[in-house]
Each structure stands twice: as C-alpha cells, then as structure tokens.
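The values are calculated or read from the model by the stated rules, or taken from the named source; none is laboratory data. Given the structure is predicted, the values throughout are model-derived calculations rather than measurements. Using ideal geometry, Cβ is built from the backbone for each residue, glycine included, and neighbour counts are taken over all protein chains shown. Keep in mind that these areas ignore ligands, DNA and RNA; they rest on the heavy atoms of the full protein, side chains included. Shrake-Rupley method; radii C 1.70, N 1.55, O 1.52, S 1.80 Å.
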Amino acid sequence: MVVAGLVLAGVAALIHGYIFYLESVVWTAPRTRAVFGIRSEQDAFTTRALAFNQGFYNLFLAVAVVAGIVVVAAGATAVGATLVFTGAGTMVAASLVLVVSRPAMLRAALVQGLPPLLGVVALAVGLTG
C-alpha cells in the first residue's frame, strides 16, 4: 500500500505540475481560458498576475510531494511521508475550497483532489498496516 500511495501522490504531483503550466505559462491562451471558464481575453490578462502566483503554489505542492517520494525511496520514511502528507493533504484541502467556492467546478476539484486523497489514504494504511 505504501507504493500505491506514493504512485497516486506522484500522479497528483504531475497533475499539479500541469496546473502550474496552465496558470503560470499559458494562462491567456484560448484553450486555458476555456478550462478555467475565463470568458474573455481581457479577463485573462486582468487576472494573469494572480494566476501566475497561484500556479507557483501548485508547483511548490508538486515539488513537496516529489521530494517526499524521493526521501521515502532513500529510506527516510518518516520525513518523506511527512512531505507527501503535507503536499498531498494541501492539494486535497485546495480541491475542497474550490468546490465549496465554485460548485460548478466539481469536475476540476475531483481531478485535482481525488488522486492526492487516494494517495494519502493508501500511504497511511500502508504505514500503519
């Protein structure tokens, strides 16, 4: 279960890396605007600085999870698991904030929140079992 938890957390890190790309690199592109429900190019340009910053939050969460996976693989399970739990747990919390603040974004919240949730649960079961 530990390996399954780390794999799922790794998938979550990849998803959040992609979210970083969308928010911080290609925010004003038509396809990105469609993904986030930004109707006009002007709105995208107006919110670009906010999205840029938010994208880096997603990147930092992904980095924490990847660092945790590497540290677990190196044998420091407690430290690595703490990093994974912190990064992935924050991803789950952010997905809950998304769905509470914008219920229409349920699908996006599930995409960003389900893999880290499953990863946290599997890792916890694996470490305690």
_Taking the C-alpha atoms of the chain, convex hull volume expressed per residue in Å³_ = 89 Å³
*Which Cα, out of Asn58, Thr82, Ala29, lies furthest along the positive dipole direction of the chain (beta carbon charges, K/R +1, D/E -1)?*
Ala29
_Order of exposure, largest accessible area first, which applies to Thr32, Thr86 with probe 1.4 Å_ = Thr86, Thr32
*Sorted by average packing, counted as other Cβ atoms within 10 angstrom per residue and highest first, what order do 102-111, 66-75 take?*
66-75, 102-111
_Over the chain, with the other protein chains present, what is the accessible area per residue in square angstrom, probe 1.4 angstrom?_
57 Å²
*Phi-based couplings in Hz for the range 108-116 (Karplus 6.51, -1.76, 1.60; Gly and Pro marked x)*: 5, 5, 5, 4, 7, x, 5, x, x
_Fraction of accessible area attributable to carbon and sulfur, the chain (%, probe 1.4 Å)_ = 72 percent
*Per DSSP H run of n ≥ 4, the term is -39500 (n - 2.57); total these for the chain, divide by its residue number, and report the mean residue ellipticity at 222 nm rounded to 500 deg cm²/dmol.*
-30000 deg cm²/dmol
*In Hz, Karplus ³J(HN,Hα) per residue of the range 33-40 (6.51, -1.76, 1.60; θ = phi - 60°; x = Gly, Pro)*: 4, 5, 4, 9, x, 8, 6, 10
*Table column - 3J(HN,Hα) (Hz), the range 11-22, Karplus curve with 6.51, -1.76, 1.60, x for Gly and Pro*: 4, 4, 5, 4, 4, 6, x, 5, 4, 3, 4, 4
